[in-house]
Amino acid sequence: MNFVRQSLFGLLIATPALSFAQEADGLRPMRGLRTTSFWEQNWPWLTALIVVGVIALIVLTVWLVKRKPVARTLSPAEEARLRLGEAASLATQQDDKAFSVTVSDALRVYMERAFHLRAPEQTTEEFLQHAKQSQRLPEQSLTTLAKFLELCDLAKFAQHAFGDDERKELLNTARNFVDEAEQRAKAATPEVTA
């Protein structure tokens, strides 16, 4: 009985071993331990580096979008020409007070920026006296400026009505004044040679 038991036990063990041996013929031999890749060794650091890089890219993008562009500062003459362009659009609307205020303000702001005269805060008489004392403008320019500002004051304070020719003449006077002042300033500035 012992023999039968051992035979049955051997048969039960031998049958799977034979089938395993038959299947094992198709297996390749063992080569050794597989080495870990760079990613497997350093994945925590690389993941952290990628996350920090993405956050930095988002912060940089938001900063670039929100930062204010650097505005180019207009020269006094450019600003005066721009304001005189606005005045030219008012010339067709028959609103003489708004037109004269815009034209005279354009020239007063130009005088303040170009010649450092406090033109907008002063009355016409105070401004002309201050401009004469500063000796930054030739006598002919002061005479032209005085006539120009007095005519503008008539429309502002005495409700003087301009004709189309007077509006054009005021605009041309202001433009010519700015152009002549710029030419004098360029002539007075020595050219730098490289």
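The values are calculated or read from the model by the stated rules, or taken from the named source; none is laboratory data. The shown structure was predicted, so the numbers you read here are calculated from the model rather than taken from an experiment. With ideal geometry, Cβ positions are generated from the backbone for all residues, glycine too; neighbour counts draw on all protein chains shown. These area figures cover heavy atoms from the full protein model, side chains too; ligands, DNA and RNA do not enter into them. Shrake-Rupley method; radii C 1.70, N 1.55, O 1.52, S 1.80 Å.
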Close pairs from segment 145-161: first closer than 16 Å to HIS130 by Cβ, partner open to solvent by less than 30 Å² (accessible area, probe 1.4 Å) and outside any helix (DSSP H, G or I), Cβ under 6 Å, at least 6 apart:
none
Selection status of ARG118, within 18 Å of ALA77 (Cα to Cα) and at pLDDT below 85
yes
Residue hits (segment 60-75; part of a loop (DSSP other than H, G, I, E, B) and either surrounded by 10 or more Cβ atoms within 10 Å (Cβ to Cβ) or among the basic types (Lys, Arg) (or both)) are ARG67, LYS68, ARG72, LEU74, SER75
Candidate set: segment 61-82, residues that are without any contact (Cβ under 8 Å) to a residue 40 or more places away in the chain and of a type in the set (D, E, K, R); chosen: the one farthest from LEU117 (Cα to Cα)
LYS66
Taking the stated definitions as given, is LYS66 more than 22 Å from PHE162 (Cβ to Cβ) and either of a type in the set (Lys, Arg) or touching a strand residue (DSSP E or B) at 6+ places or on another chain (Cβ under 9 Å) (or both)?
yes
Please determine, by comparing only the residues of segment 145-194 that are among the β-branched types (Val, Ile, Thr) and either within 24 Å of THR92 (Cα to Cα) or touching a His at 6+ places or on another chain (Cβ under 9 Å) (or both), which one is least open to solvent (accessible area, probe 1.4 Å).
VAL178
Take segment 26-75 and flag every residue that is closer than 30 Å to TYR110 by Cα and among the polar types (S, T, N, Q).
THR73, SER75
Have a look at LEU149, LEU84, LEU90 and point out the one that is more than 35 Å from the chain's Cα centre (by Cα), in a helix (DSSP H, G or I) and of a type in the set (A, V, I, L, M).
LEU149
Of everything in segment 76-87 that's charged (D, E, K, R) and closer than 11 Å to TYR110 by Cα, which residue is most open to solvent (accessible area, probe 1.4 Å)?
ARG81
